[in-house]
Amino acid sequence: MPIHIQTEDFDLSTEVARLRANQPQVGAVVAFVGTVRDMNEGDAVASMELEHYPGMTEKSLQAIVDQARARWDLIDVLVIHRVGPLKPLDQIVLVAVTSRHRGEAFAACEFIMDYLKTQAPFWKKEQTAQGARWVDARVADDEAMARWGISSGQPGTDSAIGLPPEELG
Amino acid sequence: MNIQIRFFASVREALGTAQEGVDLPEHVHTVGEVRDFLRQRGGVWAEVLAEGRALRMAYNQQMAGVATPVAEGGEVAFFPPVTGG
């Protein structure tokens with residue numbers, strides 16, 4: 001269950017090959033790669049900086065993977081998230097899941113990404129022609145999270161400010 | 001009680017500090033009370049940590065709520081809603 005926070009880029013083929021090496025019980029591999037877009041909220045994005053909370057980041061990703069493994073019968077999970085300076089076209093995140101059958105891998109991969117978007121302590125700061133700005137959390141990400149029966153606890157929605165931990169899912 | 005307090009992203013920038021050790025008064029026992037205590041510094045502290053502001057809290061590197069208890073040597077963090085992925 002490798003989890004990597006790194007500034008370096010990653011290679012999808014290499015990572016997937018490593019994940020399923022010597023695992024003949026694997027029948028399905030689902031991988032998601034998130035990349036940097038050149039436009040956000042109508043403005044051209046020249047570059048961005050990804051900040052995180054070292055220590056908590058790894059713990060929260062581990063908790064997310066543990067929850068996925070409790071829900072679905074998975075063989076292995078890999079999460080790579082980059083931090084530091086990034087520019088359009090760059091890869092940001094890789095989530096790869098292996099399982100015996102495709103249903104589990106598809107569901108778990110999407111679950112992990114939805115969870116990561118609202119729970120893992122990463123923050124994006126964009127450079128645009130109007131200057132630098134911190135990216136706002138998206139309500140759509142909370143809604144994606146809610147599909148799994150979990151309240152994100154992310155402020156920005158009406159009910160989410162100052163939630164006690166039992167309501168954070 | 002002595003704790004470490006950490007700030008990230010826009011909260012860190014607005015406050016102009018990433019981390020500090022704080023000696024809490026005796027009546028401060030929870031993450032929410034730490035937030036109230038820091039807000040009493042006034043100025044940008046009152047603004048950034050105001051109730052109703054989109055702010056997330058963590059205690060010992062786990063998401064926390066206002067009622068989460070804090071203990072000697074603990075680590076409280078304040079940051080905006082997360083935007084990774």
- Query: Does A:Thr7 count as loosely packed, with under 13 Cβ neighbours inside 10 Å, of a type in the set (Val, Ile, Thr) and within 13 Å of the chain's Cα centre (by Cα)?
  - Reply: no
- Just to be sure, is A:Leu12 of a type outside the set (Asp, Glu) and buried (at least 16 other Cβ atoms within 10 Å of the Cβ)? no
- Task: Collect the residues in the stretch B:46-60 that are open to solvent by 30 Å² or more (accessible area, probe 1.4 Å) and either in contact with a Lys or Arg (Cβ under 9 Å, 6 or more places away or on another chain) or closer than 16 Å to B:Gln19 by Cβ (or both), keeping them in residue-number order.
- Result: B:Ala46, B:Glu47, B:Glu51, B:Tyr59, B:Asn60
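Between A:Ile92, A:Ile80, which is touching a residue at least 60 places away in the same chain (Cβ under 8 Å), over 22 Å from B:Phe78 (Cα atoms) and not in a loop (DSSP other than H, G, I, E, B)? Explain how you work it out, then say what you get.
Values: A:Ile92 fails: touching a residue at least 60 places away in the same chain (Cβ under 8 Å).
Selected residue: A:Ile80, the only one of A:Ile92, A:Ile80 that is touching a residue at least 60 places away in the same chain (Cβ under 8 Å), over 22 Å from B:Phe78 (Cα atoms) and not in a loop (DSSP other than H, G, I, E, B).
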- Task: Within the stretch A:13-40, track down each residue that is free of Cβ contacts under 8 Å to residues at least 24 places away in the same chain and assigned to a strand (DSSP E or B).
- Result: A:Met39
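Let me confirm something: among B:Val82, B:Val22, which residue is under 26 Å from A:Ala144 (Cα atoms) and at pLDDT 95 or above?
Numbers: B:Val22 fails: under 26 Å from A:Ala144 (Cα atoms).
Every option except B:Val82 fails the conditions.
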- Subset tally (residues that are open to solvent by 70 Å² or more (accessible area, probe 1.4 Å) and either within 16 Å of the chain's Cα centre (by Cα) or within 14 Å of another protein chain (Cβ to nearest Cβ) (or both)) for the stretch A:15-57: 5
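The values are calculated or read from the model by the stated rules, or taken from the named source; none is laboratory data. Note that the structure is predicted; figures quoted are calculated from it, not measured. Heads up, the Cβs are rebuilt from the backbone with ideal geometry, glycines too, and the neighbour counts pull from every protein chain shown. Remember, those area values only see protein heavy atoms, side chains included, never the ligands or the DNA or RNA. Shrake-Rupley method; radii C 1.70, N 1.55, O 1.52, S 1.80 Å.
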